[in-house]
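As structure tokens, the structure follows; a few thoughts come after it.
The values are calculated or read from the model by the stated rules, or taken from the named source; none is laboratory data. Fair warning: this is a prediction, and the values are worked out from it, not measured in the lab. Note that we place each Cβ from the backbone using ideal geometry, even for glycine, and neighbour counts take in every protein chain shown. What goes into the accessible areas is simple: the full protein's heavy atoms, side chains included, and nothing from ligands, DNA or RNA. Shrake-Rupley method; radii C 1.70, N 1.55, O 1.52, S 1.80 Å.
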Amino acid sequence: LVFDIQDMGCRFYTYISTMTNCMEAAAKAKVKFIVLDRPNPIGPITEGPSLSIPRSFVAAHDIPVRHGMTVGELAGLINAERKFGADLQVIPCQSGDFPGWFDRGGLPWQNPSPNMRTLAAANLYPGVGLLEFCKVSVGRGTDTPFEILGAPYIDESLLVSQLNQLGLPGITFTPIRFTPSASVFANTECRGVRFQVTDRETFRAVDLGAGLASILTRLYGGKLELEKMITLLGDQETLDGIRNGSSLTDLRSHWKPRIADFEKRRAPFLLYPR
């Protein structure tokens, strides 16, 4: 059984869940499982909370929101930690180095799924995508999914002002109005923000997602339906911190020990120098 699918480097992008299920099935059937490795398009950075709620199809394994691994490396980690016993073979990327950002590999971009249309969207996805189950449009039904966010109840100028006060590096915010043709608030004018990453090395998408959720909850109360964020966020303590107005510094402090533990766990399964 051969897995040859482009991942996006984010825990809740479900292709790694598909890989996990296929690998488990291959192990049970005593069929060799081969992973044709692909670049992690958003690089080796790890960030965000590790999974602390029960696994699901949008949370296949105990890893941070942004895991910084390739699918081949993840396959080795998951096969060992879940004790599948799969006859696993990973065909590494030709360069022999960690591929890093997708556009450094010289490969053409092909949408891995209908709403993942650019590398810019992929970079924003681990943050903006966290709010996808909440009562807010993340740009599905527009030309720029995950590069914009809005809702009819938002004051776009106020939101941008509050986002600027977070002092997040590597990103700028522009007020916007848009009308999605599908998904949340389909055919309804939304007011919100356009995101532009100006320095992807310093930008941290999960910080953006947590900051957005905190601001929207503070300004608009229950309209966001923050509790629905738990499925993709994967950590109740982080959700409680967002609801209670914890600073990003405090949230990062909560994430840090488990990220350190994850980086130790993954070390034996890394196939490329970092």
Go through segment 233-247 and give me each residue that's farther than 22 Å from Ala121 by Cβ and outside any helix (DSSP H, G or I). Asp235, Asn244, Gly245, Ser246, Ser247
Test Ile91 against the stated conditions and say whether it is closer than 14 Å to Phe33 by Cα, surrounded by fewer than 20 Cβ atoms within 10 Å (Cβ to Cβ) and out of contact with any Phe, Trp or Tyr (no Cβ under 9 Å at 6 or more places or on another chain). yes
In segment 208-249, anything over 19 Å from the mean Cα position of the chain (by Cα) and buried (at least 22 other Cβ atoms within 10 Å of the Cβ) is listed as Leu216, Leu224
Cβ contacts < 6 Å: first residue closer than 21 Å to Lys256 by Cα, restricted to segment 47-58; second residue open to solvent by 50 Å² or more (accessible area, probe 1.4 Å) and at pLDDT 95 or above, any location; separation 6+ or different chain. Result? Glu47/Arg204; Ser50/Arg258
Per the filter on segment 124-159, residues over 14 Å from the mean Cα position of the chain (by Cα), among the hydrophobic types (A, V, I, L, M, F, W, C) and open to solvent by 10 Å² or more (accessible area, probe 1.4 Å) are Leu158
Residues of segment 13-52 that turn out to be outside any helix (DSSP H, G or I), on the phi < 0 side of the Ramachandran plot and more than 22 Å from the chain's Cα centre (by Cα), as a count: 4
Test: Lys28 is closer than 20 Å to Pro92 by Cβ, surrounded by fewer than 22 Cβ atoms within 10 Å (Cβ to Cβ), at pLDDT 95 or above and of a type in the set (Lys, Arg): no
Counted residues in segment 238-259 being touching a Leu at 6+ places or on another chain (Cβ under 9 Å) and without any contact (Cβ under 8 Å) to a residue 40 or more places away in the chain come to 4
Quick one: count up the residues across segment 62-83 that are in a loop (DSSP other than H, G, I, E, B) and within 17 Å of Ala267 (Cβ to Cβ). 6
Within segment 8-18, is even one residue within 15 Å of Phe84 (Cα to Cα), in contact (Cβ under 8 Å) with a residue 40 or more places away in the chain and surrounded by fewer than 21 Cβ atoms within 10 Å (Cβ to Cβ)? yes
Scan segment 177-189 residue by residue and report those that are surrounded by 19 or more Cβ atoms within 10 Å (Cβ to Cβ) and under 22 Å from Ala122 (Cα atoms). Phe178, Pro180, Val184
Failed item in (1) open to solvent by 10 Å² or more (accessible area, probe 1.4 Å); (2) outside any loop (DSSP other than H, G, I, E, B), with Ala86 passing the rest: (2)
